[in-house]
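I have placed the structure first, in the form of structure tokens, so that the comments after it can refer back to it.
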Amino acid sequence: MTAVAAESAVTPEGRPQPYAYRRRELSEPDWRRIPGWSDITSAEWESAQWQRSHCVKNARQLRQVLGDLVSEAFYADLERDQRERATMSMLLPPQMLNTMDVSSTEAFYADPVRRYMLPVFSDRRTDFPSHPVASRDSLHEAEMWAVEGLTHRYPTKVLAELLPTCPQYCGHCTRMDLVGNSTPQIDKHKFALKQPDRLEAMFDYLARTPQVRDVVVSGGDVANMPWARLESFVGRLLDVENIRDIRLATKALMGLPQHWLQDDVRAGMERLATKARQRGAQLAIHTHVNAAQSMTPLVAKATQAMLDAGVRDVRNQGVLMRGVNATVEQLLDLCFALQDNGVLPYYFYLCDMIPFSEHWRLSLAEAQRLQHGIMGYLPGFATPRIVCDVPYVGKRWVHQVSEYDTERGISYWTKNYRTALEADDPEALNRQYEYYDPIHTLPEAGQAWWREHAREAPEHAARLAAASRAASEALLHD
């Protein structure tokens with residue numbers, strides 16, 4: 001520990017602080033320690049094309065790369081999960097796999113990045129692997145499409161889903177309903193319109209909806225869109241008079257930083273940033289880093305390249321997950337790794353209620369304790385808000401809960417705006433909307449209640465959803 005770090009670990013009176021800040025020196029783990037990449041050169045490793053073409057897509061390919069660094073039991077565990085539980089197909093760039101601890105099978109099982117990028121059957125819960133009210137599109141984004149792929153949930157903001165693919169697939173993906181290849185458990189939905197037609201419909205809607213000023217460009221991951229096509233789309237957004245904020249969503253800034261370091265991408269981002277600045281708009285990148293070890297020199301280099309190109313900010317939106325970042329120390333280690341290398345810690349979401357996610361999810365009470373635990377260490381502008389994305393409501397800071405039944409793990413939330421589904425609903429701003437803790441985090445009385453009432457819960461949730469939609473469905477179909 002450096003002298004500065006040692007001093008920061010105690011109060012002026014000499015008592016230990018709950019958390020001791022240490023500036024973490026970034027390192028790119030030596031990929032040559034991995035049998036399948038023992039002869040890969042630096043030039044190959046830093047090539048976006050090489051990274052994409054060598055992604056791991058199944059247990060057989062993982063075995064070819066790792067060999068006997070992990071046991072055959074692990075590969076069997078992974079294969080069973082892919083058959084019986086996985087909501088996302090495997091797609092793991094070498095960059096991400098290389099940050100995992102492969103020193104032993106036990107270390108690999110415990111690794112935070114492995115836990116959410118390569119989930120195995122033994123990770124999942126056996127009592128309630130899915131919450132009784134879990135659903136494929138848990139945030140009901142498709143129900144709020146103004147046109148196909150354009151979710152208009154907030155008064156001034158829209159989400160534009162340009163494509164249904166990513167360079168890497170996270171096990172906990174909130175858009176598992178649409179993104180990626182189908183799995184034995186989930187037959188993915190498909191866009192009905194061809195991409196050019198969908199994008200034209202989006203522009204038509206934005207041109208006639210002047211209250212929209214903020215567009216999140218996502219998917220999928222924008223890094224999977226050919227650069228010329230993405231630059232054209234963002235450039236056209238900047239021509240819409242009412243658009244003042246554009247955020248490009250890409251986990252690939254961390255998962256495939258090589259993409260963002262390509263000459264054509266850097267030059268194109270500079271053109272877009274210049275155009276944004278000239279018309280008084282803000283262009284930012286939102287990425288998705290969940291563990292401090294994911295910040296490597298290449299990720300920091302890609303981040304700086306985007307900032308040098310003129311991007312207003314690079315911000316992080318992480319997801320809280322048990323075994324990944326669910327302690328104060330893990331969360332602060334991650335936030336400082338981000339902040340010290342150009343990425344602004346922005347949000348941490350509670351993991352959404354998708355199928356087979358209960359082993360990851362935290363309760364609202366746990367999230368509230370984490371928010372309390374991280375306060376005061378980071379600069380105020382870089383202290384992330386921990387939020388619950390409440391179905392039919394949107395992002396709510398975890399301390400904004402209206403009521404909270406901690407025994408049954410049901411929290412109740414209100415909102416101050418209507419979604420498009422409630423455009424003519426007089427009760428939208430008075431209704432309470434529900435969110436549910438993982439059942440295994442509840443006291444025994446609460447767990448017993450859910451064992452007895454689990455079959456009723458989906459019907460109850462469906463009634464609430466119907467009440468939220470009924471007032472304006474006819475209007476939307478006009």
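The values are calculated or read from the model by the stated rules, or taken from the named source; none is laboratory data. Note that the structure is a prediction, hence the values are computed from the model and not measured. Cβ: placed from backbone, ideal geometry, glycine included. Neighbour counts: every protein chain shown.
Exactly one residue out of Val343, Val299, Val324, Val314 is under 30 Å from Gly409 (Cβ atoms), of a type outside the set (Lys, Arg) and in contact (Cβ under 8 Å) with a residue 40 or more places away in the chain, and it is Val324. If you check Ser89, Ser138, Ser122, Ser27 for being over 30 Å from Asp264 (Cα atoms) and either touching a strand residue (DSSP E or B) at 6+ places or on another chain (Cβ under 9 Å) or not in a helix (DSSP H, G or I) (or both), only one passes: Ser138. Somewhere in region 51-61, is a residue surrounded by 12 or more Cβ atoms within 10 Å (Cβ to Cβ), free of Cβ contacts under 8 Å to residues at least 24 places away in the same chain and more than 30 Å from Asp352 (Cβ to Cβ)? No, region 51-61 contains no residue that is surrounded by 12 or more Cβ atoms within 10 Å (Cβ to Cβ), free of Cβ contacts under 8 Å to residues at least 24 places away in the same chain and more than 30 Å from Asp352 (Cβ to Cβ). Restricted to region 96-119, and to residues there that are assigned to a loop (DSSP other than H, G, I, E, B) and among the acidic types (Asp, Glu), the residue that is surrounded by the most Cβ atoms within 10 Å (Cβ to Cβ) is Asp111.
The numbered conditions (1) on the phi > 0 side of the Ramachandran plot; (2) outside the structural domain of Gly220 (by TED's automatic domain parsing) are all true for Asp137 except (1). Only one of the numbered conditions (1) crowded, with 20+ Cβ neighbours inside 10 Å; (2) under 23 Å from Asn416 (Cβ atoms); (3) of a type in the set (D, E, K, R) is not met by Glu143, and that is (1).
Restricted to region 326-411, the set of strands (runs of 3 or more DSSP E) holding at least 1 residues that are in contact with a helix residue (DSSP H, G or I) (Cβ under 7 Å, 6 or more places away or on another chain) and more than 23 Å from Met176 (Cβ to Cβ) comprises 344-350, 403-405. On the given criteria, is Thr296 hydroxyl-bearing (Ser, Thr, Tyr) and either under 18 Å from the mean Cα position of the chain (by Cα) or under 24 Å from Ala207 (Cα atoms) (or both)? Judged against the criteria, Thr296 is not a match. Of the strands (runs of 3 or more DSSP E) lying entirely inside region 182-287, those carrying at least 3 residues that are assigned by TED's automatic domain parsing to the domain that holds Val299 and of a type outside the set (A, V, I, L, M) are 282-287. Per the listing Ala284, Ala273, Ala302, the residue uniquely farther than 22 Å from Glu148 by Cα and in contact with a Phe, Trp or Tyr (Cβ under 6 Å, 6 or more places away or on another chain) is Ala302. Within region 145-159, the set of residues being without any contact (Cβ under 8 Å) to a residue 60 or more places away in the chain and in contact with a Ser or Thr (Cβ under 7 Å, 6 or more places away or on another chain) comprises Trp145, Val158, Leu159.
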